[in-house]
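The values are calculated or read from the model by the stated rules, or taken from the named source; none is laboratory data. The structure displayed is predicted, hence computed values, not measured ones. Using ideal geometry, Cβ is built from the backbone for each residue, glycine included, and neighbour counts are taken over all protein chains shown. Just so you know, the surface numbers come from the protein's heavy atoms only, side chains and all, with ligands and any DNA or RNA stripped out. Shrake-Rupley method; radii C 1.70, N 1.55, O 1.52, S 1.80 Å.
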Amino acid sequence: MPIRAVVWDIDDTLFDYTTADRAGMRLHLAAEGLDGRFGGVEQALAHWREITDVQWLRFADGETTFQGQRRDRVRQFLRKEALSDTDADAWFDRYVAHYESAWKLFPDVLTALDSLAPEYRQAVLSNSSIHNQDRKLRILGVRDYFEAVLCAAELGVSKPDAAAFHAACDALELDPAEVAYVGNEPDIDAGGATAAGLAGVWLDRGRLGGRPELVTITDLDRLPALLRGDTRFGAPSPIG
C-alpha cells in the first residue's frame, strides 16, 4: 500500500528537547543555588538526565503517573525522598519556566512539514501527556499541521507497544501499512512502528548508525523523497 500519512514523535524529533532541557536545567540550577552541587554543572546535568531516563521508563511501564515521575525526579535529584508533592511540584514548575524559555524546533522541521502537507496527512504519537505536548506544539506554532495528537498518558499504553501505534492509525482511519512513523529512538520509535506494521523511520540526528535493519535518515530533508520512493539519490526507497 502507498504511504498516505506520517505520524511523528515530538521530543528530539521535531522539538530539540535535549538542548532545551540542558539549557533550562543550567538556568534553574543557578537560580536555585545548586550550580556548585554534584561536582559541577555538567555533572549535575548528567545526573538529571540519568534520573529522567529511569523515571520515564517507570512511567512508560505503568509503574507511576506522569505527575508522579516528575515528583520522583525532583526527590531523587535533590536527595529528599520525604519532599512533599506540593514542594516537588513547585520545584519542577520553576524548572519548567527555564526549560520553556529555551524551546525551539529543529531547523529542518518547518520545511519538512510544509513539503509533506500537500500529499500526506500528519499526526503525532508521543510517550508523554496531551496537556504537555499539545501545549508545546501550539507554543512552537506547528499544532495545525496535525490532525490528531495522541499521548501515552491518555491512551494508557506507550511506544513501543503495537497498541500505541495502532491507536494512531485508528485515529486517522488508515491501515498501519499506509502510515509512516518518524522518531529519534531506534527501538521505541522506528523498531516499534515497524513491528506494528507501520513504515518505521529512524531519524538518526546524532549519526549513530549501526542499525542496518532500520530505514534511517539523518535529517528531515531526505524524508519527502523517501516517502515518495524517489530514486534520484541512489537505491529505491525501502518505503512504499
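Our summary of shape: the Cα atoms of the chain have principal axis extents of 55, 33, 33 Å, ordered from largest down, in whole angstrom. In summary, the convex hull built on the alpha carbon positions of the stretch 1-83 has an orientation-averaged projected area of 7.4 nm². Listed by chain and number, the aspartates and glutamates whose C-alpha is less than 14 Å from the C-alpha of K159, apart from same-chain residues fewer than 8 away, are D9, D11, D61, E185, D187, D189.
Relative to the longest principal axis of the Cα atoms of the chain, helix 162-172 runs at roughly 60 degrees.
In a DSSP loop and with at most 16 other Cβ atoms within 10 Å, the trypsin sites (Lys or Arg not before Pro) in the stretch 70-161 are R79, K80, K104. Here the Debye sum runs over all C-alpha atoms of the stretch 112-154 as equal scatterers in vacuum, and log10 of I(q)/I(0) at q = 0.20, 0.30 Å⁻¹ comes out as -0.61, -1.06. Looking at the chain alone, DSSP beta bridges between its own residues are antiparallel in about 5 percent of cases. Sorted on the mean count of surrounding Cβ atoms within 10 Å across their residues, most packed first, peptides 16-26, 32-42 read 16-26, 32-42.
Averaging the sequence gap over all C-alpha pairs within less than 8 Å and six or more residues apart, then dividing by the number of residues, gives the chain a relative contact order of 23 percent. The value given for the stretch 98-221 is a Kirkwood hydrodynamic radius of 15.0 Å, derived from the mean inverse Cα-Cα separation. Look at where the Cα atoms of the stretch 91-108 and of the stretch 1-36 average out, and the two centres are 7 Å apart. Among the protein heavy atoms, those of W103 account for about 30 Å² of accessible surface (1.4 Å probe, every chain in place). Accessible surface for the stretch 125-240, divided over its residues, is 46 Å² per residue with a 1.4 Å probe. Surface composition of the chain: carbon and sulfur make up 51 percent of the accessible area, probe 1.4 Å.
With contributions of -39500 (n - 2.57) from each DSSP H run of at least four residues, the per-residue ellipticity at 222 nm computed over the chain stands at -13500 deg cm²/dmol. Using a Debye calculation, one point per C-alpha and no hydration shell, please list log10 I(q)/I(0) for the stretch 11-50 at q = 0.15, 0.16, 0.34 Å⁻¹ in order. Scattering profile of the stretch 11-50, log10 relative to I(0): -0.35, -0.39, -1.12. A simple charge model with +1 on the Cβ of Lys and Arg, -1 on the Cβ of Asp and Glu and nothing else charged puts the dipole of the chain at about 520 debye relative to its Cα centre. Across the stretch 39-54, coupling constants 3J(HN,Hα) worked out from phi with the 6.51/-1.76/1.60 Karplus curve, θ = phi - 60°, read x, x, 5, 5, 5, 5, 5, 5, 5, 4, 5, 5, 5, 4, 4, 5 Hz, and Gly and Pro carry x. Inverting the pair-averaged 1/r between distinct Cα atoms of the stretch 26-154 gives 16.6 Å as its Kirkwood hydrodynamic radius. The stretch 51-120 gives an Rg/Rh value of 1.18, both radii derived from C-alpha positions and Rh following Kirkwood.
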